[in-house]
Amino acid sequence: MSDGGDPRRLGIVVGGGFLAAVFGIVVFVIVPGSLAELLGVLVTIGVVVLGARAAGDFADSAFPDYNVGQVAVEGPITRDGSTPGPIPGGALGATADDVVEQIERADEDDAVDALLVKLDTPGGQVVPSDDIRRAAADFDGPTVAYATDVCASGGYWIASGCDELWARRGSVVGSIGVIGSRVNVSELAEDLGVSYERFAAGKYKDAGMPLKDLSEDEREYLQGIIDGFYDDFVERVAKGRDMDPEAVRDTEARIYLGDEAHELGLVDSIGTRDDVEDHVEGLLDAEVSIREFEPERGLAARLRGGATAVAYAAGAGVASAVVGDERDFRLRF
């Protein structure tokens, strides 16, 4: 990482802040009467902050001091960032559309020559996970994924779209599999005197409804959906990791610590974040300076999201749910 900043950037930031301060004093303190003077200082400070921020954004654009972009996928992966499953609450996981947008921003930034994808996720919804994988695969330049604590299921799916995957020795990696689940409350409903009447067009429209038992045809139909997702998962991983598909199937959706995952070929290298940066410097043949691309989020949302993601990963395992329509049939990726 570079130690010093570009003096041109510093000059723009300082100059922008100074001009904003002069403007604020003149407009809010000197020109108005005494009433404005009471609030003038506070308003001036606000103008200075906004001016410095605008100048900083312009300086970043005009004289970038970075050559590597980083995006983070943290917590359960969903379309809107809400945690799947039983944990209520707002945006707590990785919002796929936001992550894709940040990858595309990094790709469009002429200063970015390589992309780091930081992964700490137990997995998530199928299509959002694939959207992130596709965005990483489409990045024009080297893409290096690195796992911190957990890179499982949908997280590993994303990693398969990158050129390389690094992990720590204690990282949890794998869970290449799909789970289908449904709640069967038909006996409870019968005890309560609740009956299920079917009004549907299409034989399998209500397959998986919790108020009735599955028929063998429905069980075979739903298992076929899961098998289809699993086959696609194995194919994507085998292609992205340059592995034999049977070797991927032989993992039987197990999770592994980093060293064992490396021995099995599921991980390219074991190392710390510093090791990853040194490796990227070798790829670029240049000193590395990293800019993190991230959506705007408040401090409260960051703290709440991080704590809940850890709790979810510990309590719900290394997969999260994809919820279908009214059938209440869940796929875990």
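Residues checked against (1) modelled with pLDDT of 70 or more; (2) out of contact with any Cys (no Cβ under 6 Å at 6 or more places or on another chain); (3) not in a loop (DSSP other than H, G, I, E, B):
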| residue | (1), (2), (3) |
| --- | --- |
| 2 | no, yes, no |
| 8 | yes, yes, yes |
| 12 | yes, yes, yes |
| 20 | yes, yes, yes |
| 35 | no, yes, yes |
| 46 | yes, yes, yes |
| 53 | yes, yes, yes |
| 89 | no, yes, no |
| 105 | yes, yes, yes |
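Those helices (runs of 4 or more DSSP H) of segment 159-264 in which 1 or more residues are at pLDDT below 90 and either out of contact with any helix residue (DSSP H, G or I) (no Cβ under 6 Å at 6 or more places or on another chain) or surrounded by 12 or more Cβ atoms within 10 Å (Cβ to Cβ) (or both) occupy 186-191, 216-241.
Out of (1) crowded, with 24+ Cβ neighbours inside 10 Å; (2) within 25 Å of residue 229 (Cα to Cα); (3) more than 15 Å from the chain's Cα centre (by Cα), what's the single condition that is false for residue 145? Failing condition for residue 145: (3).
Scanning segment 113-128 for residues that are at pLDDT 95 or above and aliphatic (A, V, I, L, M) returns 114, 115, 116, 117, 119. Residue pairs whose Cβ atoms lie under 8 Å apart, sitting 6 or more positions apart in sequence or on different chains, and linking a residue in segment 139-155 that is at pLDDT 95 or above and aromatic (Phe, Trp, Tyr) to a partner that is in a strand (DSSP E or B) and surrounded by fewer than 23 Cβ atoms within 10 Å (Cβ to Cβ), are 146/118.
The values are calculated or read from the model by the stated rules, or taken from the named source; none is laboratory data. Just so it is clear, the model here is predicted, and its values are computed rather than measured. Here the Cβ is made from the backbone with ideal geometry for all residues, glycine too, and neighbour counts use every protein chain on show.
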